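The values are calculated or read from the model by the stated rules, or taken from the named source; none is laboratory data. Just so it is clear, the model here is predicted, and its values are computed rather than measured. Every residue, glycine as well, gets a Cβ built from its backbone with ideal geometry; the counts of neighbours run over all protein chains shown. For accessibility, only protein heavy atoms count, side chains too; no ligands or nucleic acids. Shrake-Rupley method; radii C 1.70, N 1.55, O 1.52, S 1.80 Å.
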Amino acid sequence: MQPTDIHNPNYFHKVVDCQWACPAHTPVPEYIRLIAQERYTEAYMINWESNVFPGILGRTCDRPCEPACRRVRTEEKPVAICRLKRVAADHKGDITPYLPKVPQKKNGKRIALLGAGPASLAVARDLLPLGYSVDMFDRDPGGGGMMRSQIPAFRLPKDVLEEEVDLIVNMGVNTHYNYEITSMKEMLDMDYDAYFVGTGAPRGRDLDIPGRKEVSKHISIGIDWLSSVAFGHTTSISGKVIVMGGGNTAMDCCRTSNRLGAESVTVVVRSAFDVMKASDWEKEDAMAEGIPILNNRPPKEFVHDNGKLKGVVFGRVKPVEVDGRLKYVPTGEPDVYIEANHILMAIGQENHCPWIERDLGIEFDKWDCPVIDEDSLQSTHEKIYFGGDSAFGPENIIWASAHAHKAAISIHLFCQGKDPKHDRPPEAVNLISQKMGLHEWSYDAEHDPSQRHIVPHADLKRSLDNIKVEVELGFDEDLGFKEAQRCLNCDVQTVFTEKLCIECDACVDICPMDCITFTPNAPEAELRTALTAPAETLEQDLYVSETLPTNRVMVKDEDLCLHCGLCAERCPTNAWDMQKSIIHIPQLSSYAE
Amino acid sequence: MTFVPKPAARHPLLKTNEIGLTRRDYEAIVSTLCAGCGHDSVSAAVIQACHELSIPPHQFAKVSGIGCSSKTPSYFLGNAHGFNSVHGRMPSIATGAYLANKELKYIGISGDGDSASIGLGQFAHIIRRKVDMCYIVDNNGTYGLTKGQFSATNDRGSTSKRGVPNLYAPIDLVSLAIQLGASFVARSFSGDKQQLIPLIKAAVLHKGFAFIDVISPCVMFNNHEGSTKSYSHVRNHTEPVVDANLIMPRDEIAVEYEEGTTISVPMHDGSELHLRKLSDSYEPNDRVSALTYVQKAQEEGEIVTGLLFLEEDAVDCHDILGTTDTPFNGLAQESLCPGAEKLEQINDSLR
């Protein structure tokens, strides 16, 4: 193998599994260390810079970071990264001194943001400190988009939402609420310098099976119904409710129904339990509230009496793996009939822009999605950028933040007359030694073997009685500290300097995870089997040194390294050092003075 | 010194041996020796060897004297028996322990000061008495604990850290051991575990006195240019003459050797020791020829390594004395102390 180029920003970035997995590349270990030091405000600001909505995401994020966490591989349960983010948000102090300054004098460029959801808000936050005038349009009476209209209050309290939305709006966004955008052409006529489309994926999918038309007044589309609950138009639901669908919207629908007076609530899902789209913890929370989830039941027919819904007939299937893909085949058992008075349909949603005229130079692909450059998020119309769910379809809030940072850079480059795709600033990595002295490291190197701590919940009866009672209580400072200690500090890297190594084997002998081997060089596949312990996780890189005096190379399997620093502790010549990798992901703020 | 304890977490694919233990079960507390000390590599080799032998840790007894080397039994086989004796007196303790209980596997760790200076007399006599044990000397040619004076195994002309040459000729423990009748004599290097681990395994299983001289650099006081016991000097001046490979009963023999170069020696536990000659003129079964070879090489500044001498069907001190096979702790009170009447009978028989 070739020696590893550790100055490639991606190399050590990949070792920080959580940060690599996070679409916004939040420096997770860095803020977790700050939480352990009770520096909640700084921890919050690190989050705010990367993902813009720490308090909201600390409650609602889909957490791509957690399955990536190294602890999943070294034991089983990841660090509760998401809930630690909430700890930072819950316990932070005054953040105003840390906020970017918005200049009084504008730079003369006007930007229109369509939609007031997370993507548009994040773009506004990035643009405002550079002097841009930002106009934001939304059909709802307030900002926040789906965070306001679709996420129930028992998961995301209104004050948490409003605090983070208002923070950005108050930076100087010109809001145009209750503004139904009906024509892109009309918007273009307003002659802004650039447009950002962040209108989300507002259309819930429907289902065309027998009886659908006849019972339409007993059927609600999940996201529309949640929205009407959020804005107070719907305050109750009665009778027996069936929620169709297996995603997070379905979970929100069933738990909301449970709180609004449904006689019974049942979730019926076409697919198997394990492959449901909903996050595991959302499923667990729904089941903990006594809601049954029935799987492998595709709906066949709505049964009604002259338009009055009686129930639904479901078929029975079982998942069978054919050529590595799941297929559902009928079991041959008789169909199931479930009584129902109301159906909530939560079987997916689409980005849908009927208001964009198709003759403006904005190209759409065969699935009727806008054609967008993945790096710049620019559409085929140079002034128009997309982000959030309206760019590539429904995703989590964290993706909206990630898109927004990219789009803001693009808009800035475009307004400067530069190329949004090719003039983008590069990523970079800084490595800083953490050695403080003899046996002293600036981070808590000791491995904490404790198991993941469980987040306390509000009393079940109390939370079912009131839709505004938040179910998860979050970690207190003590539990937050304990959970923070589980973080392995994967951003404190083991950095090897060949010319200092005397090949004494001290690092090999001490490494608790058998990560390090000195061996003759070979092709990667061969090396992976020749190590002290086999390196079977192919996605995890091998760190290979230059050839050493004994004609061997040092090979470190990054997979299970605990970053305990013992290799550096036991190295007599400092050939190993523990160095913090700071990954620079370009943001527009790096342009600001 | 290292203050960070070694995490208990381990690689999920770490191999278990025949009795279901991983290598980590043969470890002990984290070493307090200087970072990079060769002795820590020797400890790691002992850990690996004992794990591969699938002998439970509590069936070992570790004995040592005084010095950096003699601290190391604290850093391996945490669940074994052990005795850290006074300076140079480990052989007496080992002899006593072995007479009392021959069922344990004895691993003695000593150093060049402990065995070649203060304990040279004890070293000679434990060999002569043929105690069945694996006696390892961590040989760094220097007194590390007292800040780097030359030890008795330091080569003439080898310099101190400040460049002062040693004026005395070294004591070669390997030559001594061959000459005094050890039945298993080997030399290795702490930086070459591939060679060292099989030697330790074979030495543990060997019946009779097994001696391994391990060149183990002192990173603090004897790892500079001018030293003949530094990592780089040893790497550049070793001549392996006999490769030892212990084949356990369950192992499949994967390697085929050229005819005439391999000697196969059955061990008492059913395993087989394969000796592969790397030098045509070397005779590992001939005491005089082995000794001549080793000494000649030493004169030329070469360090001969490998299993240098092996006597098959060796006897140990229990055989010579005709003592009981049962450990004392397994003997009943009346056998251990048969009483005044029996003593009287014995005395009478001698009158």
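Filter segment A:570-589 down to residues that are open to solvent by 10 Å² or more (accessible area, probe 1.4 Å) and within 36 Å of the chain's Cα centre (by Cα), then give me how many there are.
Number satisfying all stated conditions: 10.
Please tell me if A:SER220 is in contact (Cβ under 8 Å) with a residue 12 or more places away in the chain and crowded, with 17+ Cβ neighbours inside 10 Å.
yes
Give the residues of segment A:358-378 that are surrounded by 14 or more Cβ atoms within 10 Å (Cβ to Cβ) and more than 18 Å from A:TRP399 (Cα to Cα), sorted by residue number.
Correct list: A:LEU360, A:ILE362, A:PHE364.
Within the bounds of segment B:49-63, is there any residue that is within 14 Å of chain A (Cβ to nearest Cβ), open to solvent by 20 Å² or more (accessible area, probe 1.4 Å), in contact with a Lys or Arg (Cβ under 8 Å, 6 or more places away or on another chain) and at negative phi?
Yes, there is a match, as at least one residue in segment B:49-63 is within 14 Å of chain A (Cβ to nearest Cβ), open to solvent by 20 Å² or more (accessible area, probe 1.4 Å), in contact with a Lys or Arg (Cβ under 8 Å, 6 or more places away or on another chain) and at negative phi.
Can you pull out the residues in segment A:393-420 that are farther than 20 Å from A:THR26 by Cβ and either of a type in the set (Gly, Ala, Ser) or touching a helix residue (DSSP H, G or I) at 6+ places or on another chain (Cβ under 8 Å) (or both)?
Once the filter is applied, which keeps residues that are farther than 20 Å from A:THR26 by Cβ and either of a type in the set (Gly, Ala, Ser) or touching a helix residue (DSSP H, G or I) at 6+ places or on another chain (Cβ under 8 Å) (or both), segment A:393-420 yields A:GLY393, A:SER410, A:ILE411, A:HIS412, A:GLY417, A:ASP419, A:PRO420.
Only one of these conditions is not met by B:VAL4: (1) open to solvent by less than 60 Å² (accessible area, probe 1.4 Å); (2) under 19 Å from A:HIS439 (Cβ atoms); (3) more than 7 Å from chain A (Cβ to nearest Cβ). Which number is it?
Of (1) open to solvent by less than 60 Å² (accessible area, probe 1.4 Å); (2) under 19 Å from A:HIS439 (Cβ atoms); (3) more than 7 Å from chain A (Cβ to nearest Cβ), only one is false for B:VAL4: (3).
So for segment A:253-262 (the condition being open to solvent by 40 Å² or more (accessible area, probe 1.4 Å) and out of contact with any helix residue (DSSP H, G or I) (no Cβ under 7 Å at 6 or more places or on another chain)), does at least one residue qualify?
There is at least one residue in segment A:253-262 that is open to solvent by 40 Å² or more (accessible area, probe 1.4 Å) and out of contact with any helix residue (DSSP H, G or I) (no Cβ under 7 Å at 6 or more places or on another chain).
Look through B:TYR75, B:TYR98, B:TYR26 and report the one residue that is open to solvent by less than 10 Å² (accessible area, probe 1.4 Å) and either within 14 Å of chain A (Cβ to nearest Cβ) or free of Cβ contacts under 8 Å to residues at least 24 places away in the same chain (or both).
B:TYR26
Select from segment B:167-196 the residues that are among the polar types (S, T, N, Q) and either open to solvent by less than 10 Å² (accessible area, probe 1.4 Å) or touching a Leu at 6+ places or on another chain (Cβ under 8 Å) (or both) and list them in ascending order.
Listed by number, the residues that qualify are B:SER175, B:GLN179, B:SER183, B:SER188, B:SER190.
If you check A:THR573 against the conditions, is it away from chain B (no Cβ under 11 Å), out of contact with any Pro (no Cβ under 7 Å at 6 or more places or on another chain) and either free of Cβ contacts under 8 Å to residues at least 12 places away in the same chain or of a type in the set (S, T, N, Q) (or both)?
Against the criterion (away from chain B (no Cβ under 11 Å), out of contact with any Pro (no Cβ under 7 Å at 6 or more places or on another chain) and either free of Cβ contacts under 8 Å to residues at least 12 places away in the same chain or of a type in the set (S, T, N, Q) (or both)), A:THR573 does not qualify.
Within segment A:165-191, which residues are open to solvent by less than 10 Å² (accessible area, probe 1.4 Å) and either more than 14 Å from A:ALA124 (Cα to Cα) or not assigned by TED's automatic domain parsing to the domain that holds A:TRP355 (or both)?
Of everything in segment A:165-191, those that are open to solvent by less than 10 Å² (accessible area, probe 1.4 Å) and either more than 14 Å from A:ALA124 (Cα to Cα) or not assigned by TED's automatic domain parsing to the domain that holds A:TRP355 (or both) turn out to be A:MET184, A:MET187.
Quick one: which helices (runs of 4 or more DSSP H) lie wholly within segment A:153-230 and hold at least 3 residues that are within 21 Å of the chain's Cα centre (by Cα) and of a type in the set (Val, Ile, Thr)?
Output list reads A:158-169.
Among the residues of segment A:58-96, what is the count of those that are among the small types (Gly, Ala, Ser) and either in the same structural domain as A:ALA402 (by TED's automatic domain parsing) or under 15 Å from A:VAL455 (Cα atoms) (or both)?
3
Examine segment B:74-88 for a residue that is farther than 29 Å from B:THR326 by Cβ and out of contact with any helix residue (DSSP H, G or I) (no Cβ under 7 Å at 6 or more places or on another chain), and state whether such a residue exists.
Yes, some residue in segment B:74-88 is farther than 29 Å from B:THR326 by Cβ and out of contact with any helix residue (DSSP H, G or I) (no Cβ under 7 Å at 6 or more places or on another chain).
Suppose the filter is under 23 Å from A:ARG552 (Cβ atoms) and within 14 Å of another protein chain (Cβ to nearest Cβ); does B:ASP243 pass it?
no
Could you list, in sequence order, the residues of segment B:89-137 that are of a type in the set (A, V, I, L, M), more than 30 Å from B:GLY148 (Cα to Cα) and out of contact with any strand residue (DSSP E or B) (no Cβ under 8 Å at 6 or more places or on another chain)?
The answer is B:LEU99, B:ALA100.
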